[in-house]
1. So, in the stretch 210-226, of the ones that are crowded, with 22+ Cβ neighbours inside 10 Å and within 16 Å of the chain's Cα centre (by Cα), which residue ends up farthest from residue 120 (Cα to Cα)?
2. Among residues belonging to the stretch 102-118 that are surrounded by fewer than 20 Cβ atoms within 10 Å (Cβ to Cβ) and under 24 Å from the mean Cα position of the chain (by Cα), point out the one that is nearest to residue 183 (Cα to Cα).
3. Yes or no: the stretch 84-106 includes at least one residue that is assigned to a loop (DSSP other than H, G, I, E, B), in contact (Cβ under 8 Å) with a residue 24 or more places away in the chain and over 24 Å from residue 9 (Cα atoms).
4. When you check residue 251 against the structure, is it within 22 Å of residue 210 (Cα to Cα), crowded, with 20+ Cβ neighbours inside 10 Å and modelled with pLDDT of 75 or more, yes or no?
5. Give the residue, chosen from 303, 273, 355, 321, that is closer than 19 Å to residue 384 by Cβ and surrounded by 21 or more Cβ atoms within 10 Å (Cβ to Cβ).
6. Scan the stretch 141-159 residue by residue and report those that are in contact with a strand residue (DSSP E or B) (Cβ under 8 Å, 6 or more places away or on another chain) and over 11 Å from residue 117 (Cβ atoms).
7. Got at least one residue in the stretch 7-24 being at pLDDT below 90 and surrounded by fewer than 16 Cβ atoms within 10 Å (Cβ to Cβ)?
8. For the subset of the stretch 136-160 comprising residues that are more than 21 Å from the chain's Cα centre (by Cα) and under 16 Å from residue 108 (Cα atoms), which member is modelled with the highest pLDDT?
């Protein structure tokens, strides 16, 4: 029997509903102002939903005071039957609100699915510490999504979080965003140590961008990922850090062990990846022969000809790829490099979806046209998106280049930027 999902967009309607009958509940008072008194009433109402097993509470862009947050999250302590919880508590809840949330979640020991969006909330290590205490009790979690981006948890907060997550050994799906939190190498190493406990994880997404992470921190992540041999989907965002040769080398070794990967997203834009480093990274992808979907961003790294050559060699081995997105913006790429890339893509005969960003390079008229000829071998290609902005393709040649791609037989959707 399919259980009914009760959705409410006005708090008054929820307050007047049959509270004890709710099992699956979705509350999203979008655009509604919520006072501390409203939060108190909402908390009291939720506390009476004693049969609740699945709760989604979205308070995005709604500013609630600390008192209101305290009253609201305290009610969750009574919802002991919850197995699925999604919370977005708006902004400015701070350490006090996060601590109160932690105390409440400590009673929700039956949770198997948990999604918390606490981004941009001025949370420091103190607030995270109490949240960690709650997660220690959530040993049944199989799916966990934590968005703590744009806070101030630092390396100490990251280490505490990782120690708490070490008890969640049943995780199969884990998404963690720590973007712009100043966790540094120590935080990254702690996370790497934590990931070693998740040998059965199949879907992993980590956003560690803008965290001042160097080779040392990435090496720890690499060592951990080498144990995650059951990974089928990996998203790793290390953009805007200080990653160089040593860190990438360790990460490459880890990816070589992840032979079950079918979906891979790597963002290394705005780092210190040179030509040889890029070549090594791309060579490791050649071992992931089961890849069907690959997204790779090496923008603003000046990888040049050698880096593109390594990328081409890797793509030549990834014959099972059906979806490919390459972002090589501002990568010091010229005509010869694009020709090699075209030849490599010609080997990807199963490609159905291709997005290629080559903007801000030194690509000329003829080579852009030749790329269209090479892609003619990708007979299954139905979606193509190309970005040639800020190159050396003169306006009078742009129509000729476009005509080359339009001739691709199976193409259904085509987007081209100059």
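1. 225
2. 115
3. Taking every residue of the stretch 84-106 in turn, at least one turns out to be assigned to a loop (DSSP other than H, G, I, E, B), in contact (Cβ under 8 Å) with a residue 24 or more places away in the chain and over 24 Å from residue 9 (Cα atoms).
4. So residue 251 passes the test.
5. 321
6. Hits for the stretch 141-159 are 141, 142, 143, 144, 151, 152, 153, 154, 157.
7. Within the stretch 7-24, none of the residues are at pLDDT below 90 and surrounded by fewer than 16 Cβ atoms within 10 Å (Cβ to Cβ).
8. 140
The values are calculated or read from the model by the stated rules, or taken from the named source; none is laboratory data. Bear in mind the structure is a predicted one, so any value in this text is a computation, not a measurement. Virtual Cβ from ideal backbone geometry, glycine too; neighbours counted across all protein chains shown.
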